[in-house]
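Derivation of every value follows stated rules applied to the coordinates shown; laboratory data play no part. All figures in this text were calculated on a predicted structure; none of them were measured in a lab. In this analysis, Cβ positions are derived from the backbone assuming ideal geometry, glycine residues included, and neighbour counts consider all displayed protein chains.
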Amino acid sequence: MHEWMLVRLIYGRLGIEFDIDMAEFERIFWTGLSAGEITPHADELLDHLNGRGIRTGVISNIIFSGSALGERLDRLLPNNRFEFIIASSDYAVRKPNRSLFEIAALKAGLPPNEIWYCGNSVRKDVIGAHSAGMIPVLYEGARGKDEEPDAEADFSYLHIGDWREMIELLP
């Protein structure tokens with residue numbers, strides 16, 4: 001569910017209306033919650049990918065819109081060249097739903113078996129990417145020690161603990 005729907009419901013029930021549009025409300029609200037930060041070495045990986053002409057995109061399970069996520073990524077990773085950003089809130093399904101991965105492949109104009117998908121969840125990212133025919137890579141550097149156990153996959157996939165390891169894995 002998109003964050004805008006929740007805002008309309010909650011504030012509507014209280015009889016509160018805003019003089020700004022929902023996109024501006026979203027930016028103010030999200031920035032107030034968290035300014036955001038990048039995972040260590042993500043900028044180095046993106047610079048390497050850009051230098052090699054390797055195309056990039058984003059699929060995210062998030063309640064905020066793809067445009068808000070894009071603005072945040074542009075602020076935090078100004079050298080990114082993401083061709084597309086897919087926010088689950090804009091599509092009414094969440095990862096591991098293979099539809100999001102299939103849409104990404106269509107946007108990239110590539111067959112899924114030529115796409116490497118990196119994410120930090122076995123259930124949402126690895127299994128989701130694999131179900132769409134992509135090459136899954138589990139980024140374990142973002143997982144917190146107190147997180148609930150993730151799923152297990154019955155197939156092999158790549159593991160990295162640091163974005164710099166991804167640079168070494170690339171053909």
Placed amide H near TYR117: partners under 5 Å, 5+ positions off or other chain: ILE135, VAL137
Cα centre as origin, Lys/Arg/Asp/Glu Cβ charges: the chain dipole, Debye: 340
Gaussian network model of the chain, Cα within-10 Å springs - most flexible of ILE63, ILE38, ILE16: ILE16
Choice from ASP43, ASP74, ASP154 with maximal GNM fluctuation in the chain (Cα, 10 Å cutoff): ASP154
Whole-Hz ³J(HN,Hα) from phi, Karplus 6.51 cos²θ - 1.76 cosθ + 1.60, for segment 77-87, glycine and proline x: 10, x, 8, 5, 10, 4, 6, 7, 10, 10, 9
Choice from ARG94, ARG52, ARG81 showing the highest fluctuation, given a GNM over the chain with Cα pairs closer than 10 Å: ARG52
Theoretical ellipticity at 222 nm over the chain - DSSP helices of four or more residues, -39500 (n - 2.57) apiece, nearest 500: -11500 deg cm²/dmol
Angstrom value of the Kirkwood radius, inverse mean 1/r, which spans all Cα pairs in the chain: 17.4
